[in-house]
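Here's the structure we're looking at; comments come further down.
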Amino acid sequence: MPNKHSLIILKSIDDVKKLYREHPDVRDDSLSCLQSYIVGPNDIIDMTSYQFEFEPYISLAHSLGMDHFGIDSSGKRLYLTHINLGGHTALCTVRPVTFEQVQDMEYLQHLLSNYCGNLEWKAIKLGEVQL
């Protein structure tokens, strides 16, 4: 497992499959993969980032006005993450993401559109569960 604050480039779907095999707790029942959670900025900053540098993720990112598409790892689970600094205190959102979800371009397009507004929609405070 890479150190915190790392950026790892993934070049193929096989790299993504390997990443998911390394994260067996992704389907842990303590956090729903259908719910977004509000966390602190350091919760996201301390994660390892995985940048997808292959199609269709490059096109997905460009269609959303993003430099790249990626997911982040807490070491236990993989997440879609977003830090919104839009003229207010940082709103930091995470959502656990399964391998099936990360392959669903419509799902990703929906969550990440409108500056990740749908990822933030109805997010709840994380509480005591560890990322």
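Please give the charge dipole size of the stretch 7-125, origin at the Cα centre, charges +1 on K and R Cβ atoms and -1 on D and E Cβ atoms. Round to the nearest 20 debye.
Taking the Cα centre of the stretch 7-125 as origin, the dipole is about 220 debye.
Give me Thr89, Thr48 ranked fewest to most by other Cβ atoms within 10 Å of their Cβ, as a rough exposure proxy.
Thr89, Thr48
Just want to confirm a number: the relative contact order over the chain, from Cα pairs under 8 angstrom separated by 6+ residues, in percent. Please report the intermediate quantities before stating the final value.
Working: 214 pairs, mean separation 39.3, N = 131.
Relative contact order, the chain: 30 percent.
Give me Arg21, Arg77 sorted ascending by neighbouring Cβ count inside 10 Å, so fewest comes first.
Arg21, Arg77
May I have the convex hull volume per residue, in Å³, for the Cα set of the stretch 7-125?
101 Å³
Any idea which of Ile58, Ile45, Ile13 is furthest toward the positive side of the dipole for the chain, if Lys and Arg beta-carbons carry +1 and Asp and Glu beta-carbons -1?
Towards the positive end, the residue furthest out is Ile45.
Work out, in µm²/s and without decimals, the Stokes-Einstein translational diffusion coefficient of the stretch 43-104 at 20 °C, 1.002 mPa s, Rh from Kirkwood over C-alpha pairs.
171 µm²/s
We did not get these values from a lab; they are worked out from the coordinates using the rules stated. Bear in mind the structure is a predicted one, so any value in this text is a computation, not a measurement. Reconstructed Cβ throughout: ideal geometry from the backbone, glycine too, with neighbour counts over all protein chains shown.
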